[in-house]
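These notes are about the structure you will find just below.
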Amino acid sequence: MRVGVVTFPGSLDDRDAQRAVRLAGGEPVALWHGDHDLKGVEAIILPGGFSYGDYLRAGAIASFSPIMADVVDAANAGMPVLGICNGFQMLAEARLIPGAHTRNAHQQFIRRDQRLVVENARTDWTNGFTEGQEITIPLKNADGRFIADAETVKRIEGEGQVAFRYVGVNPNGSMDDIAGVTNARGNVVGLMPHPEHAVEEGFGPDTPAAMSSGVDGLTFFTSVLERALAK
Amino acid sequence: MTDQTDRAPHDAEMIDVRPEGHVPDTVANAAATPDREQPYGALGLKADEYAKIREILGRRPTSGELAMYSVMWSEHCSYKSSKIYLRQFGQKVSPAMKKNLMVGMGENAGVVDVGGGWAVTFKVESHNHPSYIEPFQGAATGVGGIVRDIISMGARPVAVMDQLRFGDIDAPDTARVVDGVVGGISFYANCLGLPNIGGETYFDAVYQGNPLVNALAVGVLRHEDLHLANARGVGNKVVLFGARTGGDGIGGASILASDTFSSGGPTKRPAVQVGDPFAEKVLIECCLELFRDELVEGIQDLGAAGISCATSELASNGDGGMFIELDNVLLRDPSLTAEEILMSESQERMMAVVRPEKLDAFLAVVAKWDVETSVLGEVTDTGRLVINWHGEEIVNVEPRTVAVDGPVYERPVAYPSWIDALQADSASSLPRPTGNAVLREQFLELLGSPNLADKSWVTNQYDTYVLGNTALSFPDDGGMIRVDEETGLGFAIATDANGRYCQLDPKQGARLALAEAYRNVAVTGAVPAAVTDCLNFGSPEDPEVMWQFSQAVEGLADGCLELEIPVTGGNVSFYNQTGTRPIHPTPVVGVLGVIDDVAKRIPSGWQDEGDNIYLLGTTSLELDGSAWAGVVHDHLGGRPPAVDLAAEAQLAQLLHAGGDQSLIAAAHDLSDGGLAQALAEAVMRFGVGARVWLGEVLERDGIDVATALFSESTGRVIVSVPREDDVRFRGLCEGRGYPVARIGVTDAQSGSLEVQDVFTVSVDELRSTHRGTLPARFGATIGE
Amino acid sequence: MPTIVVEVMPKAELLDPQGKAVAGALSRLGKGAFTDVRIGKRFEVTVEGEVTDAVLADVRELADDMFSNSVIEDVVSITVADAPAAL
């Protein structure tokens, strides 16, 4: 399965997202922000980083890139799209999913191995998990605080659009401990933590079993491959 | 032509580095007006240096030339006070040391062959003075600068590490500096997408007005991608690309780094640069694409002294001639004078030498990344660096006189008047605790002391995951990065320094720093291969400081020769003093090692139940300059611990063999705080307890319990070995004849560190003691 | 050349952590009389030619779509300024 990973000026985790796709058994395809060419991919990842230096607002300038028009069209037509961290911010700026992000409540960049609970295991990117499953995914950002107005939060919660929630520690002051969100259809998912950093033994978070052995993130990428096979 | 009369009137108290007159001083004018007064003193040049410049040129320098010489001949750029000593790094070199060295000293960074067609480039640099004035931007641009040095070798930067030294942790100003520096490093490095994989954070009152911010970066490249900073090929274009040039840091090199702060005196003109890591990230990707497409013949990054430095260095290293139209420089501030453009230290700029036939392709790549660029000129065969402004020659120099053949000083050296008394005041005369309660109390006091305490407050602000190749990072002893995803080939890197040891004996202190960094690489399972250094000292105009410097360099050079690992490059930072009080001599030594497969890496703490714990090496009474002496008795005196580099090499080989054969589950070196601290750290690493007994060691080495726990004898490592590997491990040690004693066993059930017949401390108490110190001063550690 | 100034502030009901941090610092400096600080953004957009109604409408749209994120921010003013004085 061809999975596109878009590189914007300032993208940092694009190569890591490509590696994750490869390890999951897919074929990563590099996409360029300035093109209108999705190269026939079947899913798209907007990776983490500091696109455009987070200038104006994190993800804002990227959301106006030429390729985002194509990404939006594809998403509206049902293509699976995953936004990781900065990618989540871009999806929110592009209004593909609800909410917005501001500076972490404590004003600092934070990197930690974050425990999450999977709230919605039906989306294109989470169908490999079970609802209520707890996973550990690395988190690293400065502008990760999820915010939405009361009405929107109510809607997201009510309609099962919360994809992940922080467990134990809310690392950035996100409303309702929301760590990730999906659209109504379940093909577009955004989350703050970085699943692409928990896909390879020896390079993921520590687990009780062994140092750096956590690979909970791999399921994101195998999920979308499974979903494609099922179609 | 820009009308320059409407520029803002400048503060009369600021040093005006602009020469008088709005019209730049041409070469013709300089020849015609030999008696014009020139402000060489304000630019940092001494009278004899100015005279020398006149002699070299055969006339007075133009204002532009004066500006160039003044920055390039400053201490920071020319190493004039240190050159005669640094030569040792290039001279004390054996054939074995040259074997894997692809690029040695003198280039932007050293390059080491690590096998499989891969090379690693690394270097450490200082950005001390700017980080005191403006901690955030000072530290941020320090990271930016060292990363650009790595890019300019043709490498992709893959990791950073920082060595930070601040004043007293409780002094009010310290929090300001700590907040800014850590924030700045976090901001810049995270935005570049570089994992921060180690380093040190240290507090001592001697650094109060002179914090040390050293930044190290490592890059990886294929052999064929190696680029050097030379301008070869007559007719090749000289291209400036990256950020536009503005008024950043004008005169920073000559004025800021080459002069001390007088306490309470008026601050010098703020010449601190502001960094834009996004611009640098884009520059990294742009450069890598240029390298991949082979569009660049030579490349140089712009740092201290900006265009003056880049042009003169490129020209010196190449065919010797270059012609530049300074008007072609893209400006952020159109009111800059020609001299200011030459001296500007605007960040995120690179200079490349490009074949004319490749220029279009070059410009296409640069445009793709939205990076601005302009062709400034070309390589010539005249042997002169000629710079024109508005059609007239304002600079015409022989580039080597600017960049290479700067002044070489032989500063007076004087044996310090105070050192004999200091060395006679040994810590062995201090009362050592004998009762268990006091031993336990002092152990915890050390564990919670600022320099031994947990640094998560700092390191939680750094990305360690980006690029997906981080095999080891803090709190392990060295950082380790995978280079080849197929074979697992990787490198390890560690940095160390101990200003207290160096104050007692700078030569020995430098050797100790080298031994410790070497050992820190060895405990990860890697083989030490090369060295970089950042030498932080007081004023070179103080003969006692020069003595310290000369001793430290000699100690380091001799040590490297003994260990057969070369110094590949580094940095000297002088003038770290307020008034007449210099900092402790603080040479930071970085050691790079190579590991065949990062899967063989060894963490610093044990994870399993029932492993045997061994202490490698012997212990004697060596508390002088120790953490124990400092924390418990506020004492600094005596002679630092002895170093046996041959033994360290033996130990390293033993560790490598053990790691290679997967016999060693954990290895942690002993240094500050001695055995007690090492045991605590190994327990806290994964929260697995241990039962330890000291009887055999006390008897074999003839020492008391306090010495066993707190002495800082070198050549020692604790390892944990799984039961099934025990026999083979012992065989390994016996075969190599290295002293080894079984001192304990790991105990996951106990939830504590028990030193039998001495004290027991629960993992919870260890952690709460260890983790409380920095948050108490700087705010809660987020996410704990 | 005329300049149009757009000011954007975080929505009143939202916590403004930066503003809060600055307010805290003011009180620590003994300036307790200043009880609240909120921090926003000011955009200065230079226009070639006259500022017509069409130009203003354009700026309003830009302000809503790009300069601000209506989920968390409000455009509080759009004014036409004279060319800024040479600094």
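Yes/no matrix, rows are residues, columns are (1) within 22 Å of C:VAL75 (Cα to Cα); (2) among the polar types (S, T, N, Q):
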residue	(1), (2)
C:LYS20	yes, no
C:SER27	no, yes
C:LYS31	no, no
C:ARG38	yes, no
C:VAL45	yes, no
C:THR52	yes, yes
C:LEU56	yes, no
Next item on the list: With the condition kept exactly as written, say whether any residue in the range B:105-114 is surrounded by 24 or more Cβ atoms within 10 Å (Cβ to Cβ) and within 14 Å of chain A (Cβ to nearest Cβ).
Entry: no
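Within the range A:44-71, which residues are of a type in the set (Gly, Ala, Ser) and within 14 Å of chain B (Cβ to nearest Cβ)?
Filtering the range A:44-71 down to residues of a type in the set (Gly, Ala, Ser) leaves A:48-49, A:51, A:53, A:58-60, A:62-63, A:65, A:69.
Once the filter is applied, which keeps residues that are of a type in the set (Gly, Ala, Ser) and within 14 Å of chain B (Cβ to nearest Cβ), the range A:44-71 yields A:GLY48, A:GLY49, A:SER51, A:GLY53, A:ALA58, A:GLY59, A:ALA60, A:ALA62, A:SER65.
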Check: On the given criteria, is A:ILE156 over 28 Å from B:VAL182 (Cβ atoms) and either buried (at least 18 other Cβ atoms within 10 Å of the Cβ) or within 9 Å of chain B (Cβ to nearest Cβ) (or both)?
Finding: yes
Next item on the list: Answer with yes or no whether A:ARG112 is of a type in the set (Lys, Arg) and within 14 Å of chain C (Cβ to nearest Cβ).
Entry: no
Notebook entry, point to check: In this structure, is B:GLU724 among the charged types (D, E, K, R), without any contact (Cβ under 8 Å) to a residue 60 or more places away in the chain, under 16 Å from B:ALA665 (Cα atoms) and in a helix (DSSP H, G or I)?
Noted result: yes
Next item on the list: All but one of (1) in contact (Cβ under 8 Å) with a residue 12 or more places away in the chain; (2) over 21 Å from B:VAL413 (Cα atoms) hold for B:GLU486, so report the exception by its number.
Entry: (1)
Next item on the list: Give the range B:66-81 a look and list any residue that's among the small types (Gly, Ala, Ser), under 21 Å from the mean Cα position of the chain (by Cα) and either assigned to a helix (DSSP H, G or I) or surrounded by fewer than 23 Cβ atoms within 10 Å (Cβ to Cβ) (or both), or say none.
Entry: B:SER78
Margin query: The conditions are (1) assigned to a loop (DSSP other than H, G, I, E, B); (2) over 26 Å from B:ALA522 (Cα atoms), and B:ASP476 fails exactly one of them. Which is it?
Written below: (2)
Next item on the list: For residues that are more than 12 Å from chain B (Cβ to nearest Cβ) and either buried (at least 23 other Cβ atoms within 10 Å of the Cβ) or assigned to a helix (DSSP H, G or I) (or both), tally how many sit in the range A:1-27.
Entry: 6
Margin query: Of everything in the range B:420-461, what is β-branched (Val, Ile, Thr) and in contact (Cβ under 8 Å) with a residue 24 or more places away in the chain? Give them in sequence order.
Written below: B:THR434, B:VAL458, B:THR459
Checklist line | Count of residues meeting criterion [among the β-branched types (Val, Ile, Thr), closer than 22 Å to B:MET105 by Cβ and assigned to a loop (DSSP other than H, G, I, E, B)] in the range B:543-583 | finding: 1
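If you check A:ILE137 against the conditions, is it buried (at least 22 other Cβ atoms within 10 Å of the Cβ) and touching an Asp or Glu at 6+ places or on another chain (Cβ under 7 Å)? Full working, then the answer.
Values: buried (at least 22 other Cβ atoms within 10 Å of the Cβ): yes; touching an Asp or Glu at 6+ places or on another chain (Cβ under 7 Å): yes.
Considered against the rule, which asks whether it is buried (at least 22 other Cβ atoms within 10 Å of the Cβ) and touching an Asp or Glu at 6+ places or on another chain (Cβ under 7 Å), A:ILE137 comes out as yes.
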Margin query: Within the range A:162-195, take every residue that is more than 16 Å from A:ASP143 (Cα to Cα) and at the interface with another protein chain (Cβ under 10 Å from one of its Cβ atoms) and give me the one that is surrounded by the fewest Cβ atoms within 10 Å (Cβ to Cβ).
Written below: A:GLY168
Item checked: Looking only at the range B:393-432, and only at residues there that are of a type in the set (Val, Ile, Thr) and not in a strand (DSSP E or B), the one that is surrounded by the most Cβ atoms within 10 Å (Cβ to Cβ) -> B:VAL402
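Test of understanding: among B:VAL120, B:VAL124, B:VAL114, B:VAL158, which residue is within 13 Å of the chain's Cα centre (by Cα) and on the phi < 0 side of the Ramachandran plot? Please lay out each step first, then the result.
Details: B:VAL120 fails: within 13 Å of the chain's Cα centre (by Cα); B:VAL114 fails: within 13 Å of the chain's Cα centre (by Cα); B:VAL158 fails: within 13 Å of the chain's Cα centre (by Cα).
On inspection, the qualifying residue turns out to be B:VAL124.
For B:TYR79, are the conditions met, namely being modelled with pLDDT of 90 or more and under 23 Å from B:ILE307 (Cβ atoms)? Before you say what the answer is, go through the steps one by one.
Details: modelled with pLDDT of 90 or more: yes; under 23 Å from B:ILE307 (Cβ atoms): yes.
Judged against the criteria, B:TYR79 is a match.
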Checklist line | B:LEU446 within 9 Å of another protein chain (Cβ to nearest Cβ), more than 16 Å from B:ASP162 (Cα to Cα) and either part of a helix (DSSP H, G or I) or at pLDDT 95 or above (or both) | finding: no
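The values are calculated or read from the model by the stated rules, or taken from the named source; none is laboratory data. Given the structure is predicted, the values throughout are model-derived calculations rather than measurements. Here Cβ is always computed from backbone atoms with ideal geometry, including for glycine, and neighbour counts include all displayed protein chains.
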